[in-house]
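A short worksheet on the structure shown next.
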Amino acid sequence: MSQLPPAAVDLYWLPLGAGGHSVRLNGKVFEAVVSLVERRRPLDLYHSALVVRISEGCYTIESAPVPDADAQARGVVAGGPVGSRWAGRFRIFRYEIRCWRGGVIPDLAEAVDSPLRLTEDEAGARRLLSLAPEVPTPVWGRDELRTGDMWNSNSIVSWLLAQSGLDADSIDMPRGGRAPGWHAGLEVARRQRLRPGSAVDRRSPG
């Protein structure tokens, strides 16, 4: 049996709505409309997540709706509103970012073209983990940061990869698919590199 490396960063592509028929249907409707406007064929939509291994243990990084108030149990490091800042006053309209030691990603078994090993460098893996609490948290599903793309789970993953020094620009999507929001994370990270110390609005309603 081959031994796992002591450190690794793995990217997973999960079909949008895996394990949830409502989200999958809404995603298909969304992509049908967007592809019609852009005059192209519809593509499969994907949501990304990370599994980061260091010597102390394995961490899962993803974003998801807020199920309850026990954020510590899920390794929550940040969160923000969904749809609008006003709506974010209510838990049902909030998302959370998890950096969860020993955590699980429920639909990981449905991942496509995964895992994609991005690095086995321990310092790089630790740097990525340290950045998780710093992820920008604009309104989910909107383009508040004016990148030309909505902010969502893919933005969070691409931002983390780019800010930690990994080559997120060269990562390919699964064949016949796309990841809405991926560009937004890359663009925000690029702006921050060009203007070190520049603030990104991470506010969320209390």
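The values are calculated or read from the model by the stated rules, or taken from the named source; none is laboratory data. As the structure is a computational prediction, the values presented were derived from the model and not from experiment. Ideal geometry is used to build each Cβ from the backbone, glycine not excepted, and the neighbour counts take in all protein chains shown.
Table for the structure above
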read-out	value
Any hit, segment 3-26, residues being modelled with pLDDT of 90 or more and among the small types (G, A, S)	yes
Residue match in segment 53-64 (condition: touching a residue at least 60 places away in the same chain (Cβ under 8 Å) and of a type in the set (D, E))	yes
Residue match in segment 137-152 (condition: within 20 Å of G79 (Cβ to Cβ), within 15 Å of the chain's Cα centre (by Cα) and not in a loop (DSSP other than H, G, I, E, B))	yes
Selection within segment 164-193 - under 20 Å from A64 (Cβ atoms), part of a helix (DSSP H, G or I) and not aliphatic (A, V, I, L, M)	W182, G185
Meets criteria (part of a helix (DSSP H, G or I) and closer than 22 Å to V66 by Cβ) for L161	no
Where a residue in segment 173-196 is closer than 14 Å to V135 by Cβ and its partner, wherever it lies, is at pLDDT below 90, with Cβ under 6 Å and at least six apart	Q192/S198
Tally of residues being surrounded by 15 or more Cβ atoms within 10 Å (Cβ to Cβ) and farther than 14 Å from V135 by Cα across segment 88-109	8
